[in-house]
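The values are calculated or read from the model by the stated rules, or taken from the named source; none is laboratory data. Quick caveat, the model's predicted, so the values are computed rather than measured. Here the Cβ is made from the backbone with ideal geometry for all residues, glycine too, and neighbour counts use every protein chain on show.
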Amino acid sequence: MALDNNEKKILLSEKDMPKQWYNINPDLPKPLDPPINPQTGKVLSPDDLAILFPMELIMQEVSMDRFIDIPKELIEIYKMWRPTPLVRAERLEKFLGTPAKIYYKNESVSPAGSHKPNTAVAQAYYNKKEGTKRLTTETGAGQWGSALAFAGNLFDLDVTVYMVKVSYNQKPYRKTMMRMWGANVFASPTDKTESGRAILAQDPNSPGSLGIAISEAVEDAVKSGGHTKYSLGSVLNHVILHQTIIGLEAKKQFEKVGDYPDIVIGCVGGGSNFGGFSFPFVHDKLKGQKIRIIAVEPDACPTLTKGPFAYDYGDTAKMAPIVKMYTLGHDFVPAGIHAGGLRYHGMAPQVSLLKNENIIEAVAVPQTTVFEAGIIFAKTEGIIPAPETTHAIRVAIDEALKCKETGEAKTIAFNFSGHGHLDLGAFEAYLDGKIVDYEYPEEKIKESLEKLPKVG
């Protein structure tokens, strides 16, 4: 069935919403390398994680069940914004003069304006169920922090957010969102934790990093004396699991209009929005479906494209588990690009394995070109994208222009992971000619990689 030219939004009814998440673990081409306890140097056990996470999430982390039921209580909460629309970007296609069809899955319609609430409400639900009173977390650009603040409010949980300082200053209204939903927000590094004070002692003007903010949030949770757990917005298996509702819905929507993507694209920082959108399509590729799957990262933090596939700490203070992943080194501090959600030094182990096995591709793009793509999208489709999302838009445009050259009418799909209504300062800087590209800091990364842990 061809798509009706008048039908630009492909919608699902609430009854068509997926009732299970997709777990890629049993379908991976090889098992993940085991995580390591940073204190003992031994393989991490589920009990080791109990100080940080509720047991239900730990069991999801290691589960080999292909599908995991979504609790009915969560489905009712998801109905506040799900199912989200799959949109045919016909105005963008016309502007580019491409024979390609371009679709985007619009996750910006959630209360927090991004894909992040898909896992935030799930994590809050399982924590509340186990008796947790407070959650700590980190956030880069503030999308994850605002999503967890929203979720904490729904489940009457206190939330403490350590926000990377450069983003705390760049994006003050995300901090306001978090406070409106009842969260406490601090610019990281802070003087409230040992790890934060250690960083400030080395560099009082530290811009912060996600690795540092994770250290502070983990330390806060561990030393709280009970009833506090840590919540992570990306990277871990259970986080991506919750996000797969995006790709599962998208597959149903493509089926509804009789189409299927040749190319699937997502921006990638820690891996949650990319994995959530792409993993249901990876499942098809592993079964023989011909499809390209592209992860897009910033030139200034090129984890997948320039980092080694190696064991590394998940945070700067070496408190989080040691995992096998693509990494730039746990104490690498990226430049203060406006795509704060893409400034993590490592990559989700599942995404890393798929890249190492050549199941997915990765490309790094400079900051100025992604803002150009964001402006094009805003002018053609009318929605202002988050700086993170513009990375996916950039490569979708590039692939569509290749189709223009070859005459191939490919179907391109990308995840529109969030709107940029609270990132207007970044776009103003671009329009004023103040956005610059950062060169890949080869020497700094080389220095950081010399500190990788010795495992095995």
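Couple of notes before you dig in:
- Evaluation of Lys256 against (1) touching a helix residue (DSSP H, G or I) at 6+ places or on another chain (Cβ under 8 Å); (2) under 30 Å from Tyr103 (Cβ atoms) (one fails), failing number: (1)
- Being more than 23 Å from Val235 (Cα to Cα) and not in a helix (DSSP H, G or I) is a description that applies to Asn205.
- If only residues of region 86-95 that are buried (at least 18 other Cβ atoms within 10 Å of the Cβ) and not basic (Lys, Arg) are counted, the one that is farthest from Gly226 (Cα to Cα) is Glu93.
- Of Gly407, Gly433, all but one fail to be within 28 Å of Ile102 (Cβ to Cβ) and small (Gly, Ala, Ser); the exception is Gly407.
- Residue within region 398-411 that is touching a residue at least 40 places away in the same chain (Cβ under 8 Å) and under 21 Å from the mean Cα position of the chain (by Cα) present: no
- Within region 402-419, the set of residues being touching a Gly at 6+ places or on another chain (Cβ under 9 Å) and closer than 14 Å to Glu93 by Cβ comprises Lys404, Phe414.
- For region 164-196, the set of residues classified as touching a helix residue (DSSP H, G or I) at 6+ places or on another chain (Cβ under 6 Å) and either outside any helix (DSSP H, G or I) or surrounded by fewer than 20 Cβ atoms within 10 Å (Cβ to Cβ) (or both) consists of Val164, Trp181, Gly182, Ala183, Val185, Ala187, Ser188, Pro189, Thr190, Asp191, Thr193, listed by residue number.
- For region 128-136, the count of residues that are over 20 Å from Gly420 (Cβ atoms), touching a Ser or Thr at 6+ places or on another chain (Cβ under 6 Å), surrounded by 21 or more Cβ atoms within 10 Å (Cβ to Cβ) and at pLDDT 95 or above is nonzero.
- Of everything in region 401-428 that is assigned to a loop (DSSP other than H, G, I, E, B) and out of contact with any Phe, Trp or Tyr (no Cβ under 9 Å at 6 or more places or on another chain), the residue that is nearest to Thr389 (Cα to Cα) is Asp423.
- Scanning region 104-149 for residues that are among the aromatic types (Phe, Trp, Tyr) and within 25 Å of His345 (Cβ to Cβ) gives a single hit, Trp144.
- Scanning region 436-451 for residues that are surrounded by 11 or more Cβ atoms within 10 Å (Cβ to Cβ), assigned to a loop (DSSP other than H, G, I, E, B), modelled with pLDDT under 80 and of a type outside the set (Phe, Trp, Tyr) yields a count of 1.
- Lone qualifier among Ile214, Ile199, Ile240 - being in a helix (DSSP H, G or I), in contact with a Pro (Cβ under 8 Å, 6 or more places away or on another chain) and either surrounded by 15 or more Cβ atoms within 10 Å (Cβ to Cβ) or not aromatic (Phe, Trp, Tyr) (or both): Ile199
- Qualifying residue in region 79-91 (condition: among the β-branched types (Val, Ile, Thr) and out of contact with any helix residue (DSSP H, G or I) (no Cβ under 8 Å at 6 or more places or on another chain)): no
- Residues that are out of contact with any Phe, Trp or Tyr (no Cβ under 6 Å at 6 or more places or on another chain), surrounded by fewer than 24 Cβ atoms within 10 Å (Cβ to Cβ), farther than 24 Å from Lys8 by Cβ and free of Cβ contacts under 8 Å to residues at least 40 places away in the same chain do occur in region 71-80.
- Which numbered condition Lys251 fails, given (1) among the basic types (Lys, Arg); (2) more than 29 Å from Pro34 (Cα to Cα); (3) surrounded by 21 or more Cβ atoms within 10 Å (Cβ to Cβ): (3)
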